[in-house]
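Structure first, commentary second.
Here, each number is a calculation from the coordinates, and none is a lab measurement. Given the structure is predicted, the values throughout are model-derived calculations rather than measurements. Virtual Cβ from ideal backbone geometry, glycine too; neighbours counted across all protein chains shown.
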């Protein structure tokens, strides 16, 4: 079975109206949905051994998510995110982050051709983690691992200066599958037209570009086809974790139907359509609840 190595932040989400506290972080959300759907996951993340960190560790262990590549810091503080939902159930965030100066020192996973490296969000463009990202991506490329990147770029949290743009471009150039929202690409490239984004990526390694347009549609594009799928209408409770669960659904389906290799799947419009259908089901389930991930009893809705 393929193993997903997911690199990214872990934190506690404090969500207002309705008020709840739940483990979160973009890549953590995706990892939980993957694990609940039966995928083997190793989470490469970091948190402290304080109260919130113990909540995270206990939760991740109960979800059968591997932590052997994770860092648990002594004398530090686990990150928090305060989220407020607007009248369209979209969240705005305030982050509280406390990290030591030395992070992920000499801690790198075993990767091979059966591995999928998943990374994205703020940790993928952080100055403090830049060398870690580069070494991790280069390891994945050398090992023949599939690299899945979600920029999850929030312009309100990070100024798109030359340094940040260079880091985004590095990630884009080295990813095999890129999935972002139309808002991500509008903020980064001033366009969410998928053919224009594909051209701006300037990536020889990208085998599939996916753009999600909220409740409207999903588009996929590569050198072989252009696919557009409408998103069914649902009653939205919260959009937190929607994109993360979409990623999990896509990866879950990709693993299930790629016994002969992922390249053969990514060149076929019909198979990518199946993967996107699974991704939409995952995302819709999360949007219809206050959870950041698919529920435990979701298996009957999967392919």
Enumerate the residues in segment 158-194 having an amide nitrogen under 18 Å from the point lying 7 Å beyond the Cα of residue 94 toward its Cβ. 158
Segment 136-190 and segment 265-303: distance between their alpha carbon centers, rounded to Å: 22
Looking at the chain only, what percent of DSSP beta bridges run antiparallel? Nearest 5 please. 40
Considering only C-alpha atoms, what is the centroid distance from segment 241-255 to segment 107-127, in Å? 16
The list (1) 1.04; (2) 0.93; (3) 1.09 gives values of Rg/Rh (Cα atoms, Kirkwood Rh), and only one came from this structure; which label was calculated from it? (2)
Taking 148, 172 and counting other C-beta atoms within 10 Å, the order from fewest to most: 172, 148
Cα gyration tensor category, rounded, prolate or oblate, for segment 16-67 with a/c compared to 1.5: oblate
Sites residue 169 and residue 74 - FRET efficiency at Förster radius 25 Å, r taken between beta-carbons, to 0.05: 0.10
For 69, 293, 93, which order do you get if you count the other beta carbons within 10 Å of each Cβ and list the fewest first? 93, 69, 293
Stretch gain in nm, segment residue 21-residue 233, where the contour uses 0.36 nm per residue and the Cα spacing is subtracted: 73.6 nm
Quick check on the chain: helices-only [θ] at 222 nm, where DSSP H runs of length 4 and up contribute -39,500 (n - 2.57) each and the sum goes over total residues. Nearest 500, please. -10500 deg cm²/dmol
So for R0 = 45 Å, FRET eff. of residue 200-residue 49 from the Cβ-Cβ r, to 0.05, ends up at 0.60
Exposure-ranked with fewest Cβ neighbours within 10 Å first, 43, 11 stand as 11, 43
